[in-house]
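What follows is a short report on a single structure.
The values are calculated or read from the model by the stated rules, or taken from the named source; none is laboratory data. Note that this is a predicted model, so its numbers are computed, not measured. Cβ placement follows ideal geometry from the backbone for every residue including glycine, while neighbour counts extend to all protein chains displayed. All accessible areas refer to the heavy atoms of the entire protein, side chains included, with ligands and DNA or RNA removed. Shrake-Rupley method; radii C 1.70, N 1.55, O 1.52, S 1.80 Å.
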Amino acid sequence: MIKLFVGLGNPGAEYEYTRHNAGFWFVDQLAQQLKVPLQAEKNFHGWAARSTFQGKTLWLLKPATFMNLSGKSVAALARFYKIAPEHILVAHDELDLVPGEVKLKFGGGHAGHNGLRDIHAQMGTDSYWRLRIGIGHPGVKSEVVHWVLKKPAPEQRTVIDTSIDRSLQALACLVSGEMEKAMQMVHTSKPPRPKPPRPAAASPLKEGDSHEKHPPSIGPSAGSEPV
């Protein structure tokens, strides 16, 4: 069962709408659903909220440490309230999934994600749940940093928000520990396909032609980084 919901992102207005903040978007929508305000908590190096759902106490957390020091915040709250790693869900942006796609996963590597890397290091384990929120890949490795720190196109943001809404429909299962059922709810819906370009006006066919065409506020810690 999940007792602590963490969303990864970067503090500051300049990062608020960037792809790297998809985890923040998840926790913000969860806080809105539970009708609880996130408040700055210096002891936990982030914004936190406490709520009750189906008779169980839940914690929400958005680290304010910048991405590469996220584990400092997660470990502080988890240790203070004695929350085991297997009862933690970390929502984060995922390059390997297209916008609109979300996957629930337990354990495994950090795949180069510096927020997960620091959580691994601070918690001393990779045995926690992740909600991988698809943001797509720029197609070139050298463009990844620019990509994650840039705002998604409006249509991409719309499908990302829709995928987060779908994930939150599994809240009851996540809290009760029905993780297989939660996975089915989160994974079942396929992301919408991108709209094809609008075709050019048709022209009369000539002999030998074909219709077919070929596609042409809490201060960051020292050493903190947004990626």
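Residue count for segment 139-176 satisfying the condition of being surrounded by 19 or more Cβ atoms within 10 Å (Cβ to Cβ) and in contact with a His (Cβ under 7 Å, 6 or more places away or on another chain): 1.
Can Arg130 be described as outside any loop (DSSP other than H, G, I, E, B) and either touching a strand residue (DSSP E or B) at 6+ places or on another chain (Cβ under 7 Å) or surrounded by 22 or more Cβ atoms within 10 Å (Cβ to Cβ) (or both)? Answer is yes for this residue. Scanning segment 1-53 for residues that are open to solvent by 30 Å² or more (accessible area, probe 1.4 Å), among the charged types (D, E, K, R) and assigned to a helix (DSSP H, G or I) turns up Asp28, Lys42. Evaluated against (1) under 20 Å from His187 (Cα atoms); (2) out of contact with any His (no Cβ under 9 Å at 6 or more places or on another chain); (3) not charged (D, E, K, R), Ile135 falls short on exactly one condition, (2). Sub-6 Å Cβ pairs linking a first residue in segment 9-38 that is within 17 Å of Leu171 (Cα to Cα) to a second residue that is crowded, with 20+ Cβ neighbours inside 10 Å and among the basic types (Lys, Arg), at least 6 apart or interchain, are Phe24/Lys62; Val27/Lys62, ordered by first then second residue. Here Phe80 clears all of (1) within 22 Å of Gln122 (Cβ to Cβ); (2) under 16 Å from the mean Cα position of the chain (by Cα); (3) open to solvent by 30 Å² or more (accessible area, probe 1.4 Å) except the condition numbered (2). Taken as a whole, segment 70-92 holds no residue that is part of a loop (DSSP other than H, G, I, E, B) and within 22 Å of Gln156 (Cα to Cα).
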